[in-house]
Each structure stands twice: as structure tokens, then as C-alpha cells.
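To keep things clear, I will list the structure first and then write my remarks on it.
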Amino acid sequence: MEKIIIQGGRKLEGTVSISGAKNSALPIMASALLTRGWNYFSNIPDLKDIHTMAQLLRGFGVEVIEKKGAVKIRADKIRHAEAPYDLVRTMRASVVVLGPLLARLGHARVSLPGGCAIGARPIDRHLKAFQEMGADIKVEGGYVEASSKKLKGARIVFDDITVTGTENVMMAATLADGTTIIENAAREPEVPDLAEALNKMGARITGAGTDTITIEGVDELNGTEHQIIPDRIEAGTFLMGACMTRGNVILQNMIPEHVSALVSKLREVGALIVEENHSLHISGPKEIKSVDISTHPYPGFATDFQAQFMALMTVANGTSMISENIFENRFMHVGELNRMGADIKLDRNTAVVKGIPHLSGAPVMATDLRASACLILAGLVAPDITEIHRVYHLDRGYERIEKKFRHLGARVKRAKVKY
Ligand code: EPU
């Protein structure tokens, strides 16, 4: 086990390059299951979740060659169509193999992911949509067993927005008979990125990035080349870190439009943010003003920024209200921030954060990916030592995070935990 040790109190200063988006790379790697011939995906981040997806695909008999910053995948022969519990429980996003396997082979057996630290996270909306496309779905022994001779195009209206649900159905529909229309589709940038990759493979998708996506089924898809978009959540995490430490940072290789809702909030907080081509320059404020936020699907304020924004608000001047509307239990970081001296009270889905002048370093525990990033930000402004345990959560989703923070002047290191 490893821990991250932070000696806070330094401003973040310098330039940071943003890595490829984990949440785009995962479904795009899964989409290779729909194709014959080699796929070459670039701007792939070096993350635990990416290696888990590679392992999952190899388990199906698919050829996967991981390279530095890229992955080559060929799924000419798929020998097994079972995603085992041992892999799915370590990465919920494994569920995005269900749609492609079902469409390509007519059957799939995928472990149900179960709940996680941020909520129950069922996949009922995915399954209902597959049934509407003609699939027979059974849940037995903790596994979803899906089968269908040939999926049929259908009009799918999601009751509520689901990102991986939209992706799963969009992938399945590419090889279905006829046209599928997804209404109330997720508009997160990872959805149009996946649609672009699928269209390069020969799919016929329009409307991705809006709330209505139309997919005309085709007979087959072929391997392609695609570059993954930059990770907007990583970019946002550095923006909030720069703001919180009152630093001065240029973010490169990113898409400013993907973080618009956050940038607008950080300007209210007092940061000066200038947009350039594929980059943002942020100068932190003298005084951090308290601002309320409420999480919503894209283009609203992302739930994946909520924990880090809360860390920022712990040292704001005044009180802010942070409402979480996507996940029912995404407040595990509250107790850890309070251990660092923060004054946060929870009232159902809203955290009331009273800003204080300084946090103080403490041993804390990471509970999920974004909560871990929130604790790093908190550690950066606590003048003494913060030790973050269970950092394996961070390695699932942030590439070389401590190196990137060190490059910006922070005193952050990783150490083995001895028990
Ligand atoms: N939901 C259902 N039934 C479903 C699907 C979703 O009730 O069939 C609920 C969920 O429990 C949740 C809400 O709907 O309360 C939204 O869930 P969604 O399906 O949109 O989330 P997801 O697709 O599982 C993706 C990201 C998450 C991100 C959310 C919200 C990937 C691989 N994961 O999850 O990213 O928080 O969308 O934007 O794309 C992260 O990267 O740390 C992360 C958790």
C-alpha cells in the first residue's frame, strides 16, 4: 500500500499538460469489440482503469497491445463473452462491454457491478434499453445474461440521463437492424468522442453531443485510428488547485469549452482566467469568495468536480452551499476535510461549507477517485503535513498526479505504508 505525503503552503506555478480522458478512452477501447481489423487509439492515459480494460478485452480473446500513450486492439476473433466479477468489481465502467458484445456476438454475460463509495449505481436503464432493442435479459448469480439473435433499432427514451448507458446503447445500435433514436441522451463530451470514433469505424451516428442521437445500423465495422480527447476532469482539478493556492498556472492540451461551467464559477470565486487556443491561463484570487454550486449533467457543473470544489470552499471567505444531484452518497470526503479542520455540515444532498482561514494537515483516507483529488488540494493549502492513505483510487484516474503537482512547485511525494 502507498500513501501520498504533502507539505502544503506553496502556490502552484508553471505549465501543466493535460492527459487523455479516462472516461472517453474506456468506452472507445470497448468499441473495438464491434470491429474487425486493427484499431489504433492515441492519447491514452497510463492509468490503472485503462490496464483493467485491456485485461478485460484480453480475457475475451481480443489482441491488445499497450504502448506508451496508445493502444492497439484487434477483435477479429472473440472467444469468450463473459466479463468476470473480479474485474468488474474493480472498475464499474467494465459494463460498457455489454452493448458491443451483445451486438457483435448476440450474447454476453457481464457481472453486475454492485454499489460503490459514491452510490448504488444500478444499470437498470442500460438493461431496459437493450430489452427495447429486442434483447432477452436475465439476472442470475450476480451476472447479467443478455442474448438476442439480432438487435433491432428502437426509440429509446432515458428516464434520466446516464453517460455509460448512452454509450452502451449507442455502441449496440451501430450493428442493429434499422435505426435507433436515443432521447434524453447524455451530452458529456465523452459521448461525441465515442461517436466520432464509431463513425470512423463505419457507423452512421448523428446528433451525439445533443440530447437526441440517431444511429442507423450497419452490417459491419472496421478498425480505425482515433485520438482521445483531453481529460476535462483532470484539467478542472488543476484549475481548482491553482485557484486554491492562489497560484498562476497554464493548462495546455485541453479543450476550454469542456470546463465552461467550472470556469464561470471560478471567476465568481475571484480567479482571473484567460482562454487561449487549447489552453487556459489561471491566476488565483487574493481573496477566495464563497460561491454556491449544484451538480448537473453536462453542460452543467460536473459531479466529478464537486469534491475538489468543496476543498476550495473550505478556505473561502463566507459560507457556500454545495448540492449533489447526480449521486446519492458522494460526500465521503466531508468527514476527511473536517479532520483537516474544515467546517462542513451535511443536510441531505447539500453540504454547508463555512470557510476558515487555514486547514491543518492530518492523516486522511481517500474513498474514491475524485475525493482523493479533493484531499490533495486540501493538503496543498494546509501549511503542515497531510498524509493521504489508499491512494490506489487516485491511480485509477489521474496520470502521474504527484509528478505533475511537483512540476508546479508543490511538495508532494509517494511513500510505502509500513504496518
Ligand atoms: N443510474 C441509474 N440507473 C442506470 C444508470 C445510472 O439509476 O441504469 C443513476 C446512477 O446511479 C447515478 C446517475 O444515474 O445516480 C448518473 O449515472 P451515470 O450512468 O450517468 O454515471 P456513469 O455512466 O456510471 C459516468 C462517469 C462517472 C461520472 C458520471 C456522471 C464513466 C466511466 N464514468 O458514470 O465518472 O461521475 O458519469 O457524470 O464515464 C469518475 O470518473 O470518477 C466517475 C465516477
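The values are calculated or read from the model by the stated rules, or taken from the named source; none is laboratory data. On a predicted model such as this, the values are computed, not experimentally measured, just so you know. So basically every Cβ, Gly included, is an ideal-geometry build from the backbone, and we count neighbours across all protein chains shown. Only protein heavy atoms, including side chains, enter the accessible area calculation; ligands, DNA and RNA are left aside. Shrake-Rupley method; radii C 1.70, N 1.55, O 1.52, S 1.80 Å.
Backbone geometry of the range 126-139 corresponds, through the Karplus equation with coefficients 6.51, -1.76 and 1.60 at θ = phi - 60°, to 3J(HN,Hα) couplings of 4, 5, 4, 5, 5, 4, 5, 8, x, 7, 9, 10, 10, 10 Hz, x marking Gly and Pro.
Loop-located chymotrypsin sites (Phe, Trp or Tyr not before Pro) in the range 78-167 (DSSP state other than H, G, I, E, B) with a sparse environment of at most 16 neighbouring Cβ atoms within 10 Å are absent. With Cα atoms defining each centre, the range 111-128 and the range 246-306 are spaced 30 Å apart in the structure.
Ligands, DNA and RNA are left out, and with a 1.4 angstrom probe the accessible area of the chain is 40 Å² per residue.
Whole number please: convex hull volume per residue, Cα atoms of the range 22-227, in Å³. Let's see the in-between values first.
Values: hull volume 20.7 nm³, N = 206.
Taking the convex hull of the Cα positions in the range 22-227, it is 100 Å³ per residue.
Taken one residue at a time, the phi angles of the range 350-355 give Karplus couplings (6.51, -1.76, 1.60, θ = phi - 60°) of 10, 9, 9, 10, 8, x Hz. Gly and Pro are set to x. Each principal axis of the Cα cloud of the range 145-290 was taken in turn, and the coordinate range along them, longest first, works out to 63, 34, 27 Å.
Would you mind calculating the relative contact order of the chain from Cα pairs under 8 angstrom and at least 6 residues apart, reporting the percent as a whole number?
Working: 1042 pairs, mean separation 89.0, N = 419.
It rounds to 21 percent for the chain.
Roughly what % antiparallel, to the nearest 5, for the DSSP beta bridges in the range 22-227? List each step's numbers first, then the result.
Working: 29 of 41 bridges.
Around 70 percent of the beta bridges assigned by DSSP in the range 22-227 are antiparallel ones.
Under a 5 Å amide H cut-off, with hydrogens placed 1.01 Å from N, Val157 pairs with Glu183 among residues at least 5 apart or on other chains. Across the chain, counting alpha-carbon atoms alone, Rg and Dmax equal 21.4, 63 Å. Here the translational diffusion coefficient of the range 131-195 follows from Stokes-Einstein with Rh set to the Kirkwood radius across Cα pairs; for 4 °C and 1.567 mPa s it amounts to 103 µm²/s. A full extension of the chain between Arg204 and Arg400 corresponds to an added length of 66.9 nm, given 0.36 nm per residue minus the alpha carbon distance.
Over the range 219-330, consider all pairs of different Cα atoms and compute the Kirkwood hydrodynamic radius from their mean reciprocal separation; express it in Å, one decimal.
On the way: mean 1/r = 0.0674 Å⁻¹.
The Cα-based Kirkwood calculation yields 14.8 Å.
Counting only DSSP beta bridges with both residues in the chain, the antiparallel share comes to about 70 percent.
Taking the Kirkwood radius as the inverse of the mean 1/r across Cα pairs, report the Rg/Rh of the range 372-417. Walk me through the numbers before you get to the answer.
Working: Rg = 10.1 Å, Rh = 11.1 Å.
Rounded to two decimals, Rg over Rh is 0.91.
Restriction of the trypsin sites (Lys or Arg not before Pro) in the range 40-142 to DSSP coil positions whose beta-carbon has at most 15 other beta-carbons within 10 angstrom yields Lys68, Lys77, Arg79, Arg89.
At a Förster distance of 22 Å, what's the computed FRET efficiency of Glu82 paired with Ile137, Cβ-Cβ distance as r, to 0.05? E between Glu82 and Ile137, to the nearest 0.05, is 0.90.
Just for the range 192-343, what percent of DSSP beta bridges are antiparallel, to the closest 5? Walk me through the numbers before you get to the answer.
Numbers: 12 of 17 bridges.
Among the beta bridges of the range 192-343, antiparallel pairing accounts for roughly 70 percent.
When you work out D = kT/(6 pi eta Rh) for the range 266-419 at 4 °C and 1.567 mPa s, using the Kirkwood radius from C-alpha pairs as Rh and the Stokes-Einstein form, the result is 80 µm²/s.
Across the range 169-183, coupling constants 3J(HN,Hα) worked out from phi with the 6.51/-1.76/1.60 Karplus curve, θ = phi - 60°, read 5, 4, 5, 4, 5, 4, 10, 7, 7, x, 9, 10, 10, 9, 10 Hz, and Gly and Pro carry x.
Percent of accessible area on the range 1-114 owned by carbon and sulfur, 1.4 Å probe?
Details: 1950 of 4250 Å².
Carbon and sulfur together cover 46 percent of it.
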